1. At each listed q (0.14, 0.20 Å⁻¹), what is the log10 of I(q)/I(0) that the Debye formula gives for the stretch 272-371 modelled as equal alpha-carbon point scatterers?
2. Taking the chain as a Gaussian network, Cα atoms linked when under 10 Å apart, which of 348, 227, 193 shows the biggest mean-square fluctuation?
3. Using 1/(1 + (r/R0)^6) with R0 = 22 angstrom and r between the beta carbons of residue 14 and residue 38, what's the FRET efficiency to the nearest 0.05?
4. Counting each DSSP H run of 4 or more residues in the chain as -39500 (n - 2.57), what helix-only mean residue ellipticity at 222 nm follows after dividing by all residues, to the nearest 500 deg cm²/dmol?
5. How much length is gained if the chain between residue 397 and residue 125 is pulled fully straight, taking 0.36 nm per residue apart and subtracting their Cα-Cα distance, in nm to one decimal?
6. Against the longest alpha carbon principal axis of the chain, how many degrees, from 0 to 90 and to the nearest 10, is the axis of helix 280-290 turned?
7. Using only Cα atoms and rounding to the nearest 10 degrees, what angle (0 to 90) does helix 2-11 make with the longest principal axis of the chain?
8. Using a 1.4 angstrom probe on heavy atoms only, work out the carbon and sulfur share of the accessible area of the chain in %.
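The values are calculated or read from the model by the stated rules, or taken from the named source; none is laboratory data. Just so you know, these numbers come straight off a predicted model, no measurement behind them. Heads up, the Cβs are rebuilt from the backbone with ideal geometry, glycines too, and the neighbour counts pull from every protein chain shown. These accessible areas exclude ligands, DNA and RNA; they are computed on the full protein's heavy atoms, side chains included. Shrake-Rupley method; radii C 1.70, N 1.55, O 1.52, S 1.80 Å.
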Amino acid sequence: MNAAAAIADDLSPIVIEGAVLAVSGGAIEIADRLGALRMNARVEIETASGPLLAEIVGLSEGKGLALAFGALDGVRRGARAKFLKDAGSVRPAAAWLGRVIDGLGRPIDGKGPLGEGTKPRPRRAAPPPAPLRARLGPAVDFGVKALNAFTPAKAGQRMGVFSGSGVGKSALLGMIARNTQCDISIIALIGERGREVRDFLEDHLGPEGLSRSIVIVSTSDEPAMMRREAGYLALALAEHFRDEGAHVLCLMDSLTRIAMAQREIGLASGEPPATKGYTPSVFSALPALVERAGPGADGAYNDDGGPGYITGVFSVLVEGDDHDEPIADAARAILDGHIVLDRRIAERGRFPAVDILKSVSRAMPNAVSEEAAALIAGAKTSAAVFDDMRELIRIGAYRAGSNGDVDKAIAIHPELEDFLSQPLGEHVPIDRTFEMLRSALEKGDPA
C-alpha cells in the first residue's frame with residue numbers, strides 16, 4: 001500500500017505553489033500556508049528570465065526560507081514558487097565518463113546532452129551501515145613516489161592533502177588524478193578560479209585521464225548552494241559506480257570551500273557564528289559528506305569477487321598556513337590520513353613539497369610489506385635527525401664525526417631529497433618506488 005501511495009503521489013496532477021514574500025541578502029522567504037514545504041525540498045521560482053531553482057534551508061510558521069542555485073536577478077515579491085516533489089536525484093550512466101558537468105549535473109563542456117541511466121541516485125545519502133561495510137582493499141598505487149612510500153593507502157581509504165595557497169596542491173592533485181590505478185575517477189573542482197579549470201583538464205589530467213573521469217566544476221563566483229551541491233553530486237556519482245563494483249577515486253578540491261559554502265548557507269538561514277565564524281552545521285556537514293566515501297557493503301561485488309571502493313582524496317586549504325585552524329583540525333579527525341605540503345620545501349624548489357615527517361597514513365601498518373616498512377622507518381628517522389640539526393649544520397656549528405646518526409642523516413639527505421622530487425608528468429609504480437628508496441638509502445649510507 002505504501003508503494004502504491006508513493007506511485008499515486010508521483011502521478012498526482014496537483015501542483016502546490018507558494019509566493020515570494022521577501023528577499024533579503026541571498027535568502028528568499030516563501031509563503032507556505034498549507035505546510036507543504038519540508039527541509040531540503042526544491043522550489044522553482046518564477047522570474048522574467050525563466051524559473052530559478054532554490055532549496056529550502058529553514059522553516060517557520062507559514063513560510064519557508066530558500067537559497068537559490070543561481071543569481072537572484074529578476075526575483076520579485078509575489079512571484080510564484082512551485083514546490084517540487086523531487087528533492088534532487090541524479091541518474092548517472094557510463095556515458096558520463098569524459099564529460100564536464102556543473103553542480104546540478106548539467107553538461108558545461110559543449111559536447112551535447114548527457115545520457116541518463118535507469119536508476120535514480122539521491123544526491124544526499126547515508127553511507128552503508130558501519131558493521132556491514134567491507135574492510136579496506138588492496139594497496140592503492142598513486143604513481144607518486146612520496147605518497148606511495150610515506151603515505152601508503154588502501155582502496156577505500158580517505159586521505160587529505162593539507163596545504164596553504166600556492167604550494168603546488170593543484171599540481172599534485174592533477175598527478176594523483178592522472179596516475180592513480182583505479183577504474184573511474186570522480187573529480188570535483190569546487191571554488192576554483194575559472195581560468196584554472198581548463199589548465200587542470202588539459203595540462204594536469206590530460207585526454208587519457210579525462211576519458212575515465214567525470215569532472216564536476218563549481219567555480220568561486222557561483223552561489224554557495226551550487227558549491228555545496230557539487231560536493232554532494234560528486235559523492236552520489238562515486239557511490240553509483242562503487243555499488244556497481246568499481247574502484248572509484250573521488251578527488252575533491254577542496255573540502256575547505258565546501259565548509260565555506262556551508263558557513264554562508266548557515267549564516268543566511270539564521271545560525272549563530274561559532275569558531276572563526278563557522279556555524280555549527282559546518283562541523284556536522286563535513287563528516288556526513290566524507291563518511292560516504294569508503295568501501296561498499298559486503299553485498300556489492302565486482303568481477304574479481306571483491307566489493308567496490310571509493311578511495312577519497314580531499315584537499316584542505318589551510319588559512320594562513322595554520323594547520324591547526326578549525327577546518328584543518330576537523331578534517332584531520334575524520335580522515336584516514338593526511339598529506340602535508342610545506343611552503344618552505346616548495347620555496348626550495350622541490351616538487352611535490354610533501355613533508356614526510358608531518359604526513360601520516362592510518363592504514364600504513366597493513367598497506368606495505370615488512371621490508372618496505374623498515375625502509376620507510378629508516379628514511380623517516382634520518383629525515384627527523386637532519387631536521388633537528390638543520391640550523392647547526394647550516395651555520396657550520398656541527399663537526400663531522402661528532403655523532404654517527406647525524407653523519408648518516410647528512411649523507412642520506414641529498415639522496416632522499418632527490419628521491420622525493422618527481423616531475424609533473426612522471427609515473428612511478430609502487431614496486432619501483434621502494435626499489436628507488438632502497439637505492440637512495442644505500443647510496444647515502446655506503447656502510
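1. Values returned for q = 0.14, 0.20 Å⁻¹ are -0.75, -1.14.
2. Sorting by GNM fluctuation, first place goes to 348.
3. E between residue 14 and residue 38, to the nearest 0.05, is 0.85.
4. It lands at -11000 deg cm²/dmol.
5. 92.0 nm
6. 70
7. 70
8. On the way: 10570 of 20110 Å².
Heavy-atom surface of the chain belonging to carbon and sulfur, 1.4 Å probe: 53 percent.
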